[in-house]
1. Which of C30, M86, H44 sits farthest toward the positive end of the charge dipole of the range 30-99, with +1 on the Cβ of Lys and Arg and -1 on the Cβ of Asp and Glu?
2. Could you work out the relative contact order of the range 1-74? I mean the mean sequence separation of Cα pairs under 8 Å and 6+ apart, divided by the number of residues, in percent.
3. When only C-alpha pairs under 8 Å and at least 6 residues apart count, what is the relative contact order of the range 6-126, in percent?
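Each reported figure results from applying straightforward, stated rules to the coordinates on display, with no laboratory input. The shown structure was predicted, so the numbers you read here are calculated from the model rather than taken from an experiment. Note that we place each Cβ from the backbone using ideal geometry, even for glycine, and neighbour counts take in every protein chain shown.
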Amino acid sequence: MEPINEEDIKMYFYENRLKTFEGWPFDEDCSCTPENMARAGFIHTPSGNSPDIAMCFFCLKELEGWEPEDDPEKEHKSHSASCHFMALKKKVEDLTVEEFFKLQKERHKFIIVRCSGNTRHVDLLIDII
Ligand SMILES: [Zn+2]
């Protein structure tokens with residue numbers, strides 16, 4: 001396993017995810033506030049003409065086209081049922097060491113799937129990272 005990268009570990013924490021939502025178009029009187037987005041595991045990943053792209057830090061699911069009444073947690077679950085962070089329903093601070101490593105492992109799985117575009121051998125790879 002690679003040494004733990006501090007930049008990488010940072011986004012496990014709600015406060016740091018919340019900081020990414022600067023310039024997020026939904027702020028008051030709506031469901032998808034920066035607080036609710038960060039709580040649901042999202043980080044803000046805007047691009048030039050799409051200021052409302054958010055990505056789950058844990059399953060890497062990107063969602064855009066948010067509506068003020070969208071509930072980040074519900075949207076997350078419906079678009080990414082296999083997200084381990086959503087399944088845990090716990091703050092990272094409250095996880096046991098085992099739970100934390102499991103979360104990290106699940107996250108690596110999503111990274112590999114995303115990079116390779118196929119799921120074959122992913123479990124094999126997971127054992128070596
Ligand atoms: Zn997720």
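1. My answer, from the dipole projection, is M86.
2. 28 percent.
3. After rounding, I find 20 percent.
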